[in-house]
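Everything below concerns the one structure shown next.
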Amino acid sequence: MTKETKNETLKRLFIENNLVKEDVFKHKHYTIITRAGIDKIMAANDIEIQYDIVNLSDDHSHCLIKALGKREEKIIQIFGECTPKNNSNAYPVAMAEKRAKSRIVLMLAGFYELGIFGEEESEAFSQDNN
């Protein structure tokens, strides 16, 4: 059996997860999946996530969320963070949750190891900035 190339693996994953052109865009050196694409991947892989706020500053400007994700028998724990240094939005708790969700979904579905990121990973990855 021949081993798939990275491009072949990505093409297969895109098809298996019902991703369309609008769910993906290029950023300088990375391929980025939109929030809608993350939701499609989560649904296609029956991924379950539980969130726990680990730390929230009194002024709510700093937030750390722990996420526990499960796909079949595989379980991953990851964190999502948000501070004024990496977020300009007025909703840091939601951003920390989105970052945790994006990371855990892409890891459990096999995208992260191929260098694919979610648009919530960095404000620089926003489709509006590309």
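The values are calculated or read from the model by the stated rules, or taken from the named source; none is laboratory data. Model, not experiment: these values are computed from the prediction. We place every Cβ from the backbone using ideal geometry, glycine too, and count neighbours over all the protein chains shown. The area values use the complete protein model at the heavy-atom level, side chains included, leaving out ligands, DNA and RNA. Shrake-Rupley method; radii C 1.70, N 1.55, O 1.52, S 1.80 Å.
Out of the total accessible area of the chain (probe 1.4 Å, heavy atoms of protein only), what percent is carbon and sulfur? Percent of accessible area from carbon and sulfur atoms in the chain: 50. Helix 35-44 and the longest principal axis of the C-alpha atoms of the chain enclose an angle of approximately 60°. Spacing of the modelled spin labels on K26 and T83, each 7 Å from Cα toward Cβ, amounts to 3.4 nm. How many lysine pairs are close in segment 39-96, with Cα atoms under 21 Å apart and the two 8 or more places apart or on different chains? Taking the Cα cut-off of 21 Å, the pair count is 4. Overall, the chain carries a charge dipole of about 440 debye about its Cα centre when +1 sits on the Cβ of Lys and Arg and -1 on the Cβ of Asp and Glu, all other atoms neutral.
Counting only protein chain heavy atoms and rolling a 1.4 Å probe, the accessible areas of Y30, Y112 rank, largest first, as Y30, Y112. Think of the chain as a dipole: +1 on every Lys or Arg Cβ, -1 on every Asp or Glu Cβ, centred on the Cα centre; then among L56, T31, N87, T31 lies furthest on the positive end. Rounding to the nearest 10 and keeping the result within 0 to 90°, find how far the Cα-based axis of helix 6-16 lies from the longest principal axis of the chain. Its long axis makes an angle of about 80 degrees. Within the shell defined by Cβ-Cβ distances under 11 Å, the residues around E72 carry a net charge of 0, with Lys and Arg each +1 and Asp and Glu each -1.
Of the GluC sites (Glu not before Pro) found in segment 39-130, the ones in coil according to DSSP and having at most 15 other Cβ atoms within 10 Å of their Cβ are E72, E73. What value, in deg cm²/dmol to 500, does the helix sum -39500 (n - 2.57) over DSSP H runs of n ≥ 4 give at 222 nm once divided by the residues of the chain? Roughly -9000 deg cm²/dmol at 222 nm, from the helical runs in the chain. Per-residue surface analysis assigns F79 an accessible area of about 90 Å², computed on protein heavy atoms at 1.4 Å probe radius. Which residues make up the longest stretch of the chain that has no trypsin sites (Lys or Arg not before Pro) in a DSSP loop with at most 12 other Cβ atoms within 10 Å? Longest run free of exposed loop sites: 29-84. What is the angle, in °, between the Cα long axis of helix 92-108 and the longest principal axis of the Cα atoms in the chain? Nearest 10 is fine, range 0 to 90. Relative to the chain, helix 92-108 is tipped by roughly 20 degrees. Over the chain, accessible surface divided per residue gives 61 Å², non-protein components excluded, 1.4 Å probe. Separation of segment 17-48 and segment 93-120, taken as the distance between their Cα centroids, equals 9 angstrom.
Looking at the square roots a ≥ b ≥ c of the eigenvalues of the Cα gyration tensor of segment 1-93, which shape do they give, rounded for a/c under 1.5, prolate if a/b is larger than b/c, or oblate? The shape class here is prolate.
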